[in-house]
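Asker: Supplied in structure tokens, the structure appears directly below.
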Amino acid sequence: MSDDAKREGLLPCPFCGGEAAYLRNEECDDKGEPSENYGGEWVECSKCHACTNIRFPLKEPVKPLLAEQWNRRAAPVSVRDAAQPSEKK
Ligand SMILES: [Zn+2]
């Protein structure tokens, strides 16, 4: 996989501006059995290691979901506040 494919559609980290990439859990336990989170995928910042939830590709690829989750977090705070006007009454 090329570097471009690893961060396809991902915005820079909202915390440090670092590069985000898709990661995949391929850990095995001491007996060589796949670990609990084996096959799970998530997005993580290469600098500060901020990350999304882990998701498991069962029927569909999860990268679009992960990208959506990551990019929503990456949206500027001011945009989010504007979408949810606070009412104190
Ligand atoms: Zn970061």
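The values are calculated or read from the model by the stated rules, or taken from the named source; none is laboratory data. Being a predicted model, the structure only gives us computed values, none of them experimental. Glycine gets a Cβ as well: all are built from the backbone with ideal geometry, and neighbour counts include every protein chain shown.
Asker: Go through (1) within 16 Å of the ligand (Cβ to nearest atom); (2) under 10 Å from the mean Cα position of the chain (by Cα) and name the single condition Glu41 misses.
Answerer: The number of the failed condition is (1).
Asker: When the residues of region 10-36 are filtered to those that are surrounded by 14 or more Cβ atoms within 10 Å (Cβ to Cβ) and assigned to a loop (DSSP other than H, G, I, E, B), which remaining residue is modelled with the lowest pLDDT?
Answerer: Pro14
Asker: Conditions first: (1) part of a loop (DSSP other than H, G, I, E, B); (2) away from the ligand (no atom under 11 Å from the Cβ); (3) among the hydrophobic types (A, V, I, L, M, F, W, C). Cys48 passes all but one, so which condition is the exception?
Answerer: Of the numbered conditions (1) part of a loop (DSSP other than H, G, I, E, B); (2) away from the ligand (no atom under 11 Å from the Cβ); (3) among the hydrophobic types (A, V, I, L, M, F, W, C), the odd one out for Cys48 is (2).
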